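S.K.: Structure incoming, see below.
The values are calculated or read from the model by the stated rules, or taken from the named source; none is laboratory data. What you see is a predicted model; the values in this text were computed from it and never measured. All Cβ positions, even for glycine, are placed from backbone atoms using ideal geometry, and neighbour counts span all protein chains on display. Heads up: the accessible areas ignore ligands, DNA and RNA and are worked out on the full protein's heavy atoms, side chains in. Shrake-Rupley method; radii C 1.70, N 1.55, O 1.52, S 1.80 Å.
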Amino acid sequence: MRYMIDIDGTICTQTTSSYTEAEPYPDRIAKINELHDKGDEIIYWTARGMASGTDWSELTKSQLDQWGCKYHQLWMYKPSYDVWGDDKAQWLF
């Protein structure tokens, strides 16, 4: 399976743009790492810097490393959409 997991408020505290102060949720990270270890694909994503234009990618990568997060990709943006449509969205069609 492929998992898309938000960072702030999901695997760490919500810090209202003070990302250096984010504290990890070790139990949540451990559960996600179990999924990774079973062969699932883990993609972390975040909107850090989208509003300000600040590049938080190095800090974010460093935090994920310090917190022991296992993952395959890091997306430093969130897709913007009103409706999500895919092959599982039977209600749409």
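S.K.: Order Arg2, Arg28, most accessible first, counting only protein heavy atoms with a 1.4 angstrom probe.
M.R.: Result of the area sort, largest leading: Arg2, Arg28.
S.K.: Please sort by residue number the chymotrypsin sites (Phe, Trp or Tyr not before Pro) in region 1-78 whose DSSP state is loop and whose Cβ has at most 14 other Cβ atoms within 10 Å.
M.R.: For chymotrypsin sites (Phe, Trp or Tyr not before Pro) across region 1-78 that sit outside H, G, I, E and B with at most 14 neighbouring Cβ atoms in 10 Å, the list reads Tyr77.
S.K.: If you take the beta carbon distance between Trp75 and Asp27 as r and set R0 to 22 Å, what does 1/(1 + (r/R0)^6) give as a FRET efficiency, to the nearest 0.05?
M.R.: 0.40
S.K.: Also, quick follow-up: Could you calculate the contour length gain from Asp55 to Thr20, that is, 0.36 nm times the residue separation minus the distance between their Cα atoms, to one decimal place in nm?
M.R.: Result for the pair: 11.3 nm of gain on full extension.
S.K.: At 1.4 Å probe size, with no ligands or nucleic acids counted, give the accessible surface of Met76 in Å², nearest ten.
M.R.: Answer for Met76: close to 50 Å² accessible.
S.K.: Express in Å², to the nearest 10, the accessible area of His36 obtained by rolling a 1.4 Å probe over the protein heavy atoms while all chains stay in place.
M.R.: Near enough 50 Å² of accessible area.
S.K.: With a ≥ b ≥ c the root eigenvalues of the C-alpha gyration tensor of region 1-82, is it rounded (a/c under 1.5), prolate (a/b larger than b/c) or oblate?
M.R.: oblate
S.K.: Got a number for carbon plus sulfur as a percent of region 1-55's accessible area, 1.4 Å probe?
M.R.: Roughly 50 percent, rounded to a whole number.
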